[in-house]
Structures are given as C-alpha cells and as structure tokens.
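Comments concern the structure below.
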Amino acid sequence: MSARPSLASTLQRILLPKLLAAIFAFSLLICTAVVYFAHQQVSSSQQQYIDNLRTDINFSVRDTLLLLESIAGNDLVVNSFIDLEQRDNYLPLFFRTLRLSRATDVSLALFDFSGQPIISKNWQNTVPPEINTLWHAPTLQQGQQFWQMYEYGMVMAVPVHISASIEGALVFYVKDIGQLLNKRENSATQIIVGPGNKVLYSTQPDEVAPLSVFLPDQYPYSTVHSSQWQNLTLYSLSPIPQAYGAVLWLIAVLLLSIIATLAVSLHSVNRAARLTANTLDALYKSILVRMQQTTVIHSGSPKDEPAELAQIRSAFDNLAANLMTITLSNKQFANVIDSLEELLVVLDNHNTMVTCNQRYARVAEQFNLGATELQRISGYLAQTSKTLDATYTDVAVPRKITIKWALLPFVNDKKEVIGTILVGNDVSHQRDLESRNRLMTHAMESATVSIAIADITRTQMPIVYVNEYFSKLSGFEASEALGEPATILVGPKTERPTLKRMFEKVKVGQPFEETLLLYKKNGQTFYGRLAMTPVRVDTVVTHYVVFFQDVTEQEKTREYLEEAKAKAEESARLKSSFLASMSHEVRTPLHGISGTLQLLDASKLDQKQRKYLSLALQSMHNLQHIVNDILDFSKIEAGQLNIEHVPFNLSLLMETIFEQYYINCNNKGIELNVQLNLKETNYVTGDAVRLRQIMGNLLSNAVKFTSEGAVSVLVELVDQRHQWQLRGVVRDSGIGIAKDKINNIFEVFTQEDNTTTRRFGGTGLGLAITRQLCQLCGGDITVNSEKGQGSTFNFTIQLAKAYQELTDNNHADDLKPAEKLPAAKILLVEDNEINQLIARENLNGHKVMTASNGKEAINALNQMKLQFDMILMDCHMPEMDGFEATRRIRHGDAGERYTNVPIVALTANAMKGDREACVAAGMSDYISKPFTATDLQRVIRMWATNMDKL
Ligand code: ADP
C-alpha cells in the first residue's frame, strides 16, 4: 500500500494557501483603508491650518480696522480738520503716543479729502508710493473701509467723517504682515500667495521665502493644500513624513495585527487539522470496538471535539444502536416465539417445515411428532377450517398430552399466501379440569345429601345451584329453586334466633353448622342439619355452599335423649338427695347407738356385759365403716367428693396412722415395717383425711389378708419443683391375689372370690374408693400380686408445697392428748333426746343447757341473764331449723351480745354443700354426726377458748 499523506498534512496543504490569500486580501483592504484614513486625516489637518490662517487674517484686519475707526472718530482727530491750532499742537503729540496692534513697525497717516497728508507717523521713506492711490477711491470717494495685501505689505484705510461728509482718511500700513498675525505652532508651513504667485507671507520664511514665486510642483515631497480667498491663495505645506508621522503607529499596529493573524491562522489550521485527524481516528477506533461488541456503548467523545464531529459521532452511535436494536429485535422475536406457551410451526406451501418454536421442538421430540403428523393436521385443518384436538402419548413416562391445533395462513409482504402457521395449545390441563368438573357435577348430582349454592353478593342471596337430592328432599325442582331466595325452605315455625345467627355468620363470611326446622314444597316440616361453607374468590366471599340433610329422626332422638338426660339428672339429684337423707337418717340412729354404747362402756359392767358390749361396739364400728364407704362412694359417683387443699403435718399424720396398725399387727402376730423418706418435710398442702383413708384402706387390707410374716410400708416424697409427689408402697406377705382376678379388684363390690366375705368380711368397696381417691388427688394406684405370695400396692398422690407453717393446727391439736379445758357455758340446740343425752355426757365438765329447736334457743338467749360462750346447733329441727336460727341470731334477734357468738353446726348431713350451707347461714364451724367425744372437745377447745379473738 502506497504511503498516503496524512489527513493533517492534506488539510494543511489545502487550507494554508487559501488562508494566506485571504489574509493577504484582508491586509490589502485594511492597508488601503488605513492609507485613505491617513490621507483624510492629513488633508483635514492641512485644511484646518488654512482655515486657521484665514481666521487669523480676518481677525487681525477687523481688529485693526475697528481700532482705526475709533481713532478716526476721536474728537482730536475730527477737530483737527476744523481747528488748525489743535491740529498743529495736539495732533502730532497724539500720533506719537498712538500704539496700534501688536505690530511695532507700522506706519500711520491722516489724509484730508484731497488725499493730502495732514500728519503721519513713520510714513516718509517707509511706505512705497504705489499704495497711496489704492485706497483713494473706496475710502475718500465712497466712504468705505479698505484693506489690501500687496507684495509690499498690507494697507488699511478708514474714512474720517464730519457730519456725514467725508473729510479725510486714516491710513495704516505695515510692511511685515507677519506682525499682524498670531503665529500658531504646527508642523506645516502656511503661505499667503498674492497675484502672480508672489509669496506675501510665510510661517517658515526659511523654506518659502516671502516675495518669491510659489509653485506647488516645486515641493514634490510635501503635501500641499490650498484655498482661494479674495484675491489671495492660502497654502498649507507639509513634508510627507511629517504629515503622515501622526498615523505611522497605525501602520505598525496594522503590520503587527497581520503578523498575529497569520500566526493564529497557521496555528488554528494546524490545530484544526490535528483535531479533525484525532476525532476521525477516535471515531475509527470506536467503530472498530463496536464491530467487535454486541451491545452499543456510547463512548465518551474527546473533550474539544467540534459540534459537527460530535454530531457525526452521535449519528454513528445511533446508527450502530439501531443496527444493534434490529439484531436484538430479531433475537427478541426469536425469544418471544420461544417463550410462547403455544406450539408454533411454520410450513411452506409444500407442507415442509420452515421454522418452529422451542416448545414445539420439545413436544415433537418427547411425543415423537414428525412431518407426517404436521401434514395430517394441516390437511385436516385446511379442509375443515376448525380446530383439531390431537392426543399424543409418551410411552416412556407414560404421559398423555392433548393439543388443540389451529391453522393460520402464512403471508408475505404482498399478502400472498406462502404457507401455513400451525398453532397448538396444550389443553391437557383444561381437559383434565373438564373431566374433573364433570366428575364433580356428577358426584354432586348423585350425592345423597342436599347441596345448594347461593350467591350472597346479590340481594336476597338467590340460589344458583341445587343438586338432585335437594329436589328429592324439598320437593322443589331445580328450575323452581334457581333464582329463588336462599330462604326458600324457611317457614313460619323456623327458629328465628337460629336464622339470625346464621345471617350474622354469613355477613362476616364464616362457616357454620346449624339445625333448624324447614319446610318442604308441600308444607311438610322437617329438621335440616345445615353445614354452610363460604366460597372465596380472591379473599372475597361471593357464595355459600349449603349441605343439608333431613335429621328429623336424629332430632327426635336427640330430644328423646335430652329428655332422658334430664330425667337421669333428676334421678341423680333424687339419688343424691336420697343419699343425703339416708345418710342423715342412718347416721342419726347410728350416732345414738354409738354414743349410748360409749356411755355404757364408761359405766360399771360385769365381765359378761362388757364382752357383749365389746361385740356390740365392734359391730357398730363395722356398720359405721360400711355406711361411710357407701356414702363416700355415692359422693364420688355424684361428683360431690371434694378434695381439700389445707396445710397439714405429714410426719405427724403418718405417725398416728402407723400407731394404730402397730397395735393391729401386734395383735395378729405379724410385723409392721415402716420406712419413711419425707425429705425432712413436715408440712405439705393437701387432703389429710383422704390420705389417711387411702393409707388406712391399704393397711387394713394388708393386715386383714396376712396371717403371718410382715406388712412393710414405704412412704416417700419426690420433689417435682412446684409440688411433691407422695409415693406409697404397701407390701404384705399374705394370701395374694390370683392373676385372673387381679384386674378386677379395683372395681366396685369386687372381691377375689365369694369366700372372701365369709372369711374376711368387707364390702368390696375399699379399693374402688381408694383408686378414686388417688386419682382425685392427682395420682393412681397399681397392684402386683401372686396367689400365696403376698401383694404389693403402689400408689401416688400429688401434694402442694406448704410455704408457711400452720398457725391453728386443728389436726395437730387433734392428735395431742386431751387437756383439761376451762369450763365453757354452752347452749346445745338439738331436738333428738338421745343426741342431747350423748352430747351432754360428752360435754362433761362444761356448763350445758339445751333447747329443742331454734325458736326455743332464741327465747333462751334472750331471756337468760347468763351469757353463753358458744352454741352447738343441730341443723334439722322442727319449728325453726338451725340455719334459720343462726341467721336470726346473727341478725341480732337474740340481742347484740350474741351476734358474734361462735355457732357450731351439728349435722348428720355429710354431702357436698353442707359446709357451704352452714357458712352461708352464718355458722362458725360444723362437725358431722356421728361425732366422738374428741371431736366435740376439739371444737369446744377451738371456739370456746378462742372467744376473745372473735
Ligand atoms: P374388701 O372390703 O372386700 O376388702 P376391697 O375393695 O378392699 O374390699 O378389696 C377387694 C378384694 O381385693 C378383697 O376382697 C380381696 O379379695 C382382695 N384384696 C385386697 N387387698 C388384698 C391383699 N392385701 N391381699 C390379698 N387380697 C387382697
């Protein structure tokens, strides 16, 4: 490749000559203008000089003429024409003293009308004779002022008037005109030239001599300007260098400017050439870069890039971007058709595939679709102009797919059909849905439950669907029910509160179930169990699906059951009240028998009598035990057995329990081994009575069923953070229990075999009660036993931790040996005489008075002066029972002094609520019958001795 000149040198070569020519032309123009301007300048100053000269002459002449005129008017001068004496004496003196203008060498003469001099100064021999006649005619004859410049000098004359007649003339002459003129300083020479080109006056006599002949051509190196004035020519003459000296700087400035312009232009051309070359180079490089890149990056342009080049670059960028966009849009188009969910195949007129999208390619590969299938589809669609559903199977998976094919013509720009476009939609899911829909509809139609759907977005919530069973149940055909309000089955007896509840639920879009009385088309009523479920569309409830069934039968059963339940409850209540009264009724005589026997025991008896009495007491004790068990069990059954949570001394309780059984075991000749592990805890919270009962039942059984060996007991506390677990093990070496019976011994009235009762007695209630009690106390009981090998009973109960020691420890007091009490004044209110007797005997040592009902008691309290310390009040009495009497006493019916008296109930009622009833009536405490002397002593000790505290 031949070496080509660079763009910079080419541009320089082209641009430089033109630029230089332009600068030259421009300089020429400027020079011409400058010369013209300089010439104008010089001419104007020369003209100015001439004008100044003329002004000076004018001024000087006028000045001198005025002076002459004033002299001519002077009285001395005028009178001298008449008064000759004066002329001779004073006029010469006057003339001598006269000074005219700045000229020193001037001549002055006064002439008479005939032109004869009268008097003169410096006139003789000075004034050339030629001038004498010049002024005659104008001044003496016409009376005018006169002045003239001659080659001899300058002459001026003014007439002298006496009474309007011209009597003479005053004539002035100066040889050197220069004396009259005010010489101004300038560089040029001013000349006054008279007729015949004679120089009359010159400001530079050395250069232009006065009286010489002046010809401008004689001064070729000077500029000459002239002006004609009267018979004179005024010249201004200046050597060219001087004339143009003032504008010489202009030429220097001009030259400098031209040189500067030249230098700037050359630099600019160079710079422009380089800039252009750089920009094009940058442009070239960016094109190269872009050709290698796929995306257009708008590269930064050089900082000093000219606007046009920047535009070109930007245009190019846009062009490149457009090209890229086209490329991208082709790609995007390909992406678009590849992103389509539909299958897309383009065929030419010969049914050969031109292109297809990826979705088609994948399906074709998976389901083995080929040219034949495409031809079949396009052939079918071309004939029918419908759509075609085709199902394909992928045997490998296996999987089925259903494609809905449609055909579109493939046209070119000229709208000519050049092929076909096959568009396939995967409708497998839709078909699945359709078949599922069919299945659902079928299921709903064949369901044996009524289904209705209501649109709750519209007023009255019209029914939009009912199934066949609905029609069967209600008698309304679908056509009759559709569009009807959702309340179509509601009738006059339909429960309004239930309906209201339902509508409230619908309002907030909640599901619900209700049973209510509905009406069939024929007016027959039935109970419908409705399950209503909201249907949400985008979180908004639009419909409710109602499933309902005829539950008339169930409803009747329910009503029946409810009735039965009410009856059962009533009978339970009756049972409980029966038990209560039974317990009262049985306990009262028992109490009587027990008390009497105890009294008998305390009396003097012979040995035989004592033996009988001991038998009677034993039977009495057994009977009490049985009655207590039955009562306990009834209470548990009726859910009336309450477990107390009261702090008590556990180790003391254990001590008293074992005390009794040591004696029993000793009597039977068996050992009692006790092991306690109470973690040094004395006080726990729980039901001490029930724990005693559990332990008592297990120990009595163990002792009862063991004839030799030992009964071992282990009681331990296990710390369970917030509470204790009490674990008890009662082991014996007794008869043991057969395997097949072991599971039943906790059942009510169950004994191992029928011989047990005969051999050992018992009711078969003990273990049942014990298990119930363990469970009520949060624990349980289990047994391990083998026939003839003894038995082991394990039980647990939960006890709360007692954080404070007992202050009024009833149980502890209970266990202390009875102390001698101070005698208390007690009013015993009891209707039963035996009970009165027993109580009195047991209250031996106290002052006791009796009343047989509430009324009597209040009377006694009112009438007696003596103040009772406490009242023992039976609950059930004739005329006024203990509850009423207590209320009245508290109210003050027995006087202010008894409103706070301790009243302790003596009640045979041991059922739930007894204690509450007593407390509600205002009683301080209660003891249930049959009570022992110790029970009685305990309450008296507690209340009668604590009276101060009340
Ligand atoms: P009972 O009042 O008859 O003792 P229980 O409920 O206490 O009623 O006991 C039921 C039966 O369980 C007893 O009749 C007896 O057969 C059997 N049984 C209970 N404890 C023991 C034991 N320690 N050893 C052997 N058999 C026992």
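The values are calculated or read from the model by the stated rules, or taken from the named source; none is laboratory data. Nothing here was measured: the structure is a model prediction, and the numbers come from that model. Heads up, the Cβs are rebuilt from the backbone with ideal geometry, glycines too, and the neighbour counts pull from every protein chain shown. Just the protein is used for accessible areas: all its heavy atoms, side chains included, with ligands, DNA and RNA removed. Shrake-Rupley method; radii C 1.70, N 1.55, O 1.52, S 1.80 Å.
Can Y152 be described as open to solvent by 10 Å² or more (accessible area, probe 1.4 Å) and either assigned by TED's automatic domain parsing to the domain that holds S212 or more than 27 Å from T233 (Cβ to Cβ) (or both)?
yes
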Matching strands (runs of 3 or more DSSP E) fully within segment 623-739 where at least 2 residues are within 24 Å of V783 (Cβ to Cβ) and at pLDDT 85 or above: 671-677, 710-720, 723-732
Matching residues in segment 337-350 - criterion: being without any contact (Cβ under 8 Å) to a residue 40 or more places away in the chain and open to solvent by 50 Å² or more (accessible area, probe 1.4 Å): S339, L340, H350
Number of the exception - V208 against (1) open to solvent by 60 Å² or more (accessible area, probe 1.4 Å); (2) free of Cβ contacts under 8 Å to residues at least 40 places away in the same chain; (3) of a type in the set (V, I, T): (1)
Test: residue in segment 564-577 that is of a type in the set (D, E), part of a helix (DSSP H, G or I) and modelled with pLDDT of 80 or more: yes
Test: residue in segment 605-612 that is in a loop (DSSP other than H, G, I, E, B), free of Cβ contacts under 8 Å to residues at least 60 places away in the same chain, over 24 Å from V703 (Cα atoms) and over 60 Å from the mean Cα position of the chain (by Cα): yes
Index of the failed condition, R558 passing every other in (1) open to solvent by 30 Å² or more (accessible area, probe 1.4 Å); (2) modelled with pLDDT of 90 or more; (3) not acidic (D, E): (2)
Inter-residue pairs, beta-carbon under 9 Å, first within 14 Å of A800 (Cα to Cα) and in segment 715-735, second β-branched (V, I, T) and not in a strand (DSSP E or B), 6+ apart: L717/T681; W724/T681
Top-ranked residue of segment 777-794 - restricted to ones that are over 18 Å from S733 (Cα atoms) and either touching a helix residue (DSSP H, G or I) at 6+ places or on another chain (Cβ under 7 Å) or of a type in the set (D, E, K, R) (or both), ranked as nearest to the ligand (Cβ to nearest atom): I781
Options F146, F111: the member that is open to solvent by less than 20 Å² (accessible area, probe 1.4 Å) and among the aromatic types (F, W, Y): F111
Search result, residues across segment 365-390 that are loosely packed, with under 11 Cβ neighbours inside 10 Å and not charged (D, E, K, R): G370, T372, Q383, T384, S385
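If we only count helices (runs of 4 or more DSSP H) wholly inside segment 847-950, which ones have 3 or more residues that are modelled with pLDDT of 85 or more and open to solvent by 20 Å² or more (accessible area, probe 1.4 Å)?
Qualifying helices (runs of 4 or more DSSP H): 854-863, 882-891.
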Hits in segment 391-415 (condition: open to solvent by 70 Å² or more (accessible area, probe 1.4 Å) and part of a loop (DSSP other than H, G, I, E, B)): V395, A396, V397, P398, D413, K414, K415
Boolean, E637 is open to solvent by 80 Å² or more (accessible area, probe 1.4 Å), within 16 Å of the ligand (Cβ to nearest atom) and either touching a strand residue (DSSP E or B) at 6+ places or on another chain (Cβ under 7 Å) or of a type in the set (V, I, T) (or both): no
Some residue of segment 283-292 being at pLDDT below 75 and open to solvent by 80 Å² or more (accessible area, probe 1.4 Å): yes
Residue list for segment 681-707, filter: over 17 Å from R727 (Cβ atoms), of a type outside the set (S, T, N, Q) and within 16 Å of the ligand (Cβ to nearest atom): G696, V703, K704, F705
Scan of segment 59-86 for residues that are open to solvent by less than 80 Å² (accessible area, probe 1.4 Å) and under 15 Å from I162 (Cα atoms), ordered by number: S70, I71, A72, G73, N74, L76, V77, V78, N79, S80, F81, D83
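Here is a yes/no grid of residues against (1) open to solvent by 50 Å² or more (accessible area, probe 1.4 Å); (2) assigned by TED's automatic domain parsing to the domain that holds V729; (3) in contact with a helix residue (DSSP H, G or I) (Cβ under 7 Å, 6 or more places away or on another chain):
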residue	(1), (2), (3)
Q607	yes, no, no
K611	yes, no, no
V627	no, no, yes
C665	no, yes, yes
E671	yes, yes, yes
